[in-house]
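The values are calculated or read from the model by the stated rules, or taken from the named source; none is laboratory data. Owing to the predicted nature of the structure, the values given are computational and were not obtained by experimental measurement. Virtual Cβ from ideal backbone geometry, glycine too; neighbours counted across all protein chains shown.
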Amino acid sequence: MTILLEPTGTVIPELTPTAPAHTTTIPSPGGTPIGPRRRVRGARLDDRFNLLGAASAGIAVAVLLFGWFSPLSGGVGWLLVAFIAFIGFYALLVSFASDWQEVKDRVMGVLLASAGVLLFGALVFVVAFTLVRGQEALPHLNFFTQSMELAGPLDGLEVGGIVHAILGTLMQISMALAITIPLGILTALFLNEVGGKFARFVRTISDAMTALPSIVAGLFVYSAIIVLITHQRSGFAAAMAITVMMLPIVIRASDIVLRLVPGNLREAAYALGSTRWRTVWHVVLPTARPGLATAVILGTARGIGETSPVLLTSGVTAVVNWNPFEGPMISLPLQVFDFVKSPEPNMIARGFGSAAVLILLVLALFVIARLIGGKGPGQLGRRQQERVIAASALDLQRITLQGDRRVLLDASAAQDDHRPQPSASTPSAPPSDPNPKETSS
Amino acid sequence: MSFSTLFDAPAVEPPTIDPANPDSSPRRSLAARPSVSDSVFRSVAFLAGCITVAIMLAVGVFLSLRASEALGVAGFSFLVEQDWSPESQKFGIASVLFGTITIAVIAMCVAVPLALGTALLISEVAQGRMRSTLVTLVDLMAAVPSVVFGLWGVFFLQANVIPVATWISTYFGWIPFFRVEDITGQTLTEASAFTSSAFIAGIVVGLMVVPTQTSVMREAFSQAPIGEREAAFALGSTRWGMIRAVVLPFGRGGIIGGTMLGLGRALGETIAVYMIISPIFTINWEVLKTGTNSVSALIALRYGESSSFGLSALMAAGLVLFLITLVINFTASSIVARSRSGAESD
């Protein structure tokens, strides 16, 4: 496949009879000119007409069935019938000009493409549906500045808002991150950089924990912390439930990222005599930093959207609660869930508004993760590369300057003491502490 | 490991070997002598590992301990009893487990073809920028909160899928699963008999697990050796012929493993299911008919009003669910690891 894509046929070397055996010998073109490169991909004109014709025939059949014979109704059913008819007609049209193998190839190609279209269409539709239905509540500024404290179920959208849920989400996720980031990354470091039998055990356990259903994590926190210790729902308990959910995700993702750090970077650090800690701090972590940031942000996106553990642990409230250890503290997904339980249209509109805010939050996190972590470990952007080059030029200057000075010093000492002069060709030792920051930026 | 122990010694004395008699000098010790910073780093990392394991084990041990109380009372009937009333000592997970598995199976019927098609589309058909965009979109889809899928299921899908469900039950009613009838055996056709069914919940859960499955499958497919692909093309195969002869056999482990990982997530899904279904506590074979249940929805429904013993019974249900997803996840990852595409060297 790649061979077809490579630029071929540019220069064919003249073959001589003395060409070594066991090599591919390309016959000489013998004076015939090499034509322009052939297109091996892309559709012919009749392929496009086949698609168009099959599509119109499929639509026509569906309209006919639904309009005249009508045992069927509904948009989804119409699409289904139209699609099946389209596939049938397409196979028929292709089979006029090609053999059975090609018919199979074309039909499967269309099926693969439609699976993709269906999936991504569904994704875009789910997100767009929420955003569009949320438009009713979003333009009201009070939606972001007020809580639901003074708003009754029958009040219009100009009263009340979700600032308490936004604050609750932020507080809960911050608490969860304060535990998850250090613990998760240190555990991942333990798995990769220390290793051993116990590390394998830790990896098995944390892999097992990714299977923990979120509701069971919530139930654990509910019966272990709320029922036994605090006797009330709180933001702290919700944060603990989110932590139990996020920790395995962050550990697994960071583990993969740390494993991608090239081994020769580590070996180079060890060969320069650095200790394991210095290797981790100055080589492994800076190299894996974009990937680690992505792992944490994606874990955050998952944690923010978790509803079921929060449902059991945080409690529902309509007021802003600044104290995470006392009293219920609602979060955005739970607020969505709570709003849409009500039959009032205004409450449902608020629910869609909150869901839209939640989606925008997740999208923003995702875009940030992509911007940071789009590159693999060790790959640098243009500006970063320029900075590294400038830093190493500075280093070179410093090293050569020091070396020259030492040679001069040695020469003057030799003149004084009539000591044998060290040869100038042996380079003087580089400074013992090369500036390690240059790899980190 | 051997590599790091070799190179860990921060400062080793230069070996003093007498060139005349090399055997006379004592053999240099290669044992690691970690510096202070190293031992601190090691013990902190070890401590982090211990805390992680402690948290995770605490969850497992606590669940088992609290669940054993209810399991001791219910005994074997916990697995076959359909009703759920711990107050009268009559409770079991037969109906909720059945509902969970029904929803998960329907989800798989929706998700596996979609995931397989999308994974092949990304790894075989799409090129360049298109491919990376699609990969990003799949990742993004995995991050969409489940409550949003639930909203979509309740406020959009439900109304639009009922005609399809009616149609299936009318024309395929001779298959027992698709029949919709009341207690007397009368076939129902009005729309209200088709709301809040396992079918609708299964479709939504299926859409939610597609990204997980797609990324595992795509990973496996993209590792199919280029030489074998080109060999298939060189023998005159079409693209689909190449996929069938090379990519699909090579990625079989990825397909099975990805499917099972998605199944594990589908079994544990709570909030979208809870929003859509109307809970019942009997085994309902008619998947298109209103009313089903799942273990996680049961927990979300009953945790608040439970006594201490009721909580223990819910713990037991949660424990069974956890054990099922655990077995599925470990089987899946071992299948992926043992398959040809999961092996590192080839």
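Does region A:259-282 hold any residues that are more than 11 Å from chain B (Cβ to nearest Cβ), more than 17 Å from the chain's Cα centre (by Cα) and either under 20 Å from A:Ala369 (Cα atoms) or crowded, with 21+ Cβ neighbours inside 10 Å (or both), and which are they?
A:Val261, the sole residue that qualifies.
Does A:Ile229 fit the bill of being under 29 Å from the mean Cα position of the chain (by Cα), part of a helix (DSSP H, G or I) and in the same structural domain as A:Leu361 (by TED's automatic domain parsing)?
Considered against the rule, which asks whether it is under 29 Å from the mean Cα position of the chain (by Cα), part of a helix (DSSP H, G or I) and in the same structural domain as A:Leu361 (by TED's automatic domain parsing), A:Ile229 comes out as no.
Could you look through region B:292-303, keep only residues that are within 10 Å of chain A (Cβ to nearest Cβ) and within 14 Å of B:Ser85 (Cα to Cα), and pick out the one that is modelled with the lowest pLDDT?
Here the answer is B:Tyr303.
Is it the case that some residue within region B:260-283 is in contact (Cβ under 8 Å) with a residue 60 or more places away in the chain, more than 9 Å from every other protein chain (Cβ to nearest Cβ), among the polar types (S, T, N, Q) and out of contact with any Ser or Thr (no Cβ under 6 Å at 6 or more places or on another chain)?
Looking for residues that are in contact (Cβ under 8 Å) with a residue 60 or more places away in the chain, more than 9 Å from every other protein chain (Cβ to nearest Cβ), among the polar types (S, T, N, Q) and out of contact with any Ser or Thr (no Cβ under 6 Å at 6 or more places or on another chain), one finds none in region B:260-283, hence no.
Would region A:194-202 turn up any residue that is touching a residue at least 40 places away in the same chain (Cβ under 8 Å) and more than 7 Å from every other protein chain (Cβ to nearest Cβ)?
no
Can you pull out every residue in region A:91-103 that is out of contact with any Asp or Glu (no Cβ under 8 Å at 6 or more places or on another chain), surrounded by fewer than 18 Cβ atoms within 10 Å (Cβ to Cβ) and in a helix (DSSP H, G or I)?
A:Ala91, A:Leu92, A:Ser95, A:Phe96, A:Trp100, A:Gln101, A:Glu102
I'd like the full set of residues that are in contact with a helix residue (DSSP H, G or I) (Cβ under 6 Å, 6 or more places away or on another chain) and either surrounded by fewer than 24 Cβ atoms within 10 Å (Cβ to Cβ) or farther than 16 Å from A:Ala151 by Cβ (or both), limited to region A:320-335.
A:Val320, A:Pro324, A:Phe325, A:Met329, A:Ser331, A:Leu332, A:Pro333, A:Leu334
Just for helices (runs of 4 or more DSSP H) wholly inside region B:243-346: which have at least 3 residues that are farther than 22 Å from A:Glu306 by Cα?
B:252-268, B:308-338
Which of the helices (runs of 4 or more DSSP H) found entirely inside region A:132-215 contain at least 1 residues meeting this: farther than 30 Å from A:Arg233 by Cβ?
The qualifying helices (runs of 4 or more DSSP H) are A:163-189, A:197-209.
So B:Gly72 fits all but one of (1) more than 14 Å from every other protein chain (Cβ to nearest Cβ); (2) in a helix (DSSP H, G or I); (3) touching a residue at least 12 places away in the same chain (Cβ under 8 Å); what number is the exception?
Here B:Gly72 clears every test but (3).
Select from region B:316-329 the residues that are at the interface with chain A (Cβ under 7 Å from one of its Cβ atoms) and of a type outside the set (Val, Ile, Thr) and write down the one among them that is surrounded by the fewest Cβ atoms within 10 Å (Cβ to Cβ).
B:Leu326
Only one of B:Leu114, B:Leu157 is within 8 Å of another protein chain (Cβ to nearest Cβ) and in a helix (DSSP H, G or I); which?
Result: B:Leu114 is the single residue among B:Leu114, B:Leu157 that is within 8 Å of another protein chain (Cβ to nearest Cβ) and in a helix (DSSP H, G or I).
Please verify whether A:Leu298 is within 11 Å of chain B (Cβ to nearest Cβ), out of contact with any Phe, Trp or Tyr (no Cβ under 7 Å at 6 or more places or on another chain) and at pLDDT below 85, treating the condition exactly as stated.
Yes: the conditions hold for A:Leu298.
A quick yes/no check of all residues on (1) at pLDDT below 85; (2) surrounded by 22 or more Cβ atoms within 10 Å (Cβ to Cβ):
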site	(1), (2)
A:Phe129	no, no
A:Arg133	no, no
A:Gln146	yes, no
A:Gly152	yes, no
A:Leu157	yes, no
A:Ile162	no, yes
A:Leu191	no, yes
A:Val216	no, yes
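When region B:227-253 is examined, which residues are found to be among the aliphatic types (A, V, I, L, M) and at pLDDT below 90?
Answer for region B:227-253, where residues must be among the aliphatic types (A, V, I, L, M) and at pLDDT below 90: there is none.
Being surrounded by fewer than 19 Cβ atoms within 10 Å (Cβ to Cβ), touching a residue at least 60 places away in the same chain (Cβ under 8 Å) and more than 25 Å from the chain's Cα centre (by Cα) is the filter here, so list the residues in region B:290-309 that pass it.
Within region B:290-309, B:Ser307, B:Phe309 meet the criteria.
Scan region B:178-196 for residues that are surrounded by fewer than 17 Cβ atoms within 10 Å (Cβ to Cβ) and in a helix (DSSP H, G or I) and jot them down.
B:Ala191, B:Ser192
Given the criteria more than 17 Å from the chain's Cα centre (by Cα), touching a residue at least 40 places away in the same chain (Cβ under 8 Å) and over 30 Å from A:Val336 (Cβ atoms), does B:Val287 qualify?
no
Looking only at residues in region A:89-112 that are small (Gly, Ala, Ser) and under 21 Å from B:Ala232 (Cβ atoms), which one is farthest from the other protein chains (Cβ to nearest Cβ)?
Looking at residues that are small (Gly, Ala, Ser) and under 21 Å from B:Ala232 (Cβ atoms), I get A:Ser98.
Any idea which residue in region B:45-69 is farthest from the other protein chains (Cβ to nearest Cβ), counting only those that are polar (S, T, N, Q) and surrounded by fewer than 22 Cβ atoms within 10 Å (Cβ to Cβ)?
Among those residues, the one meeting the criterion is B:Ser68.
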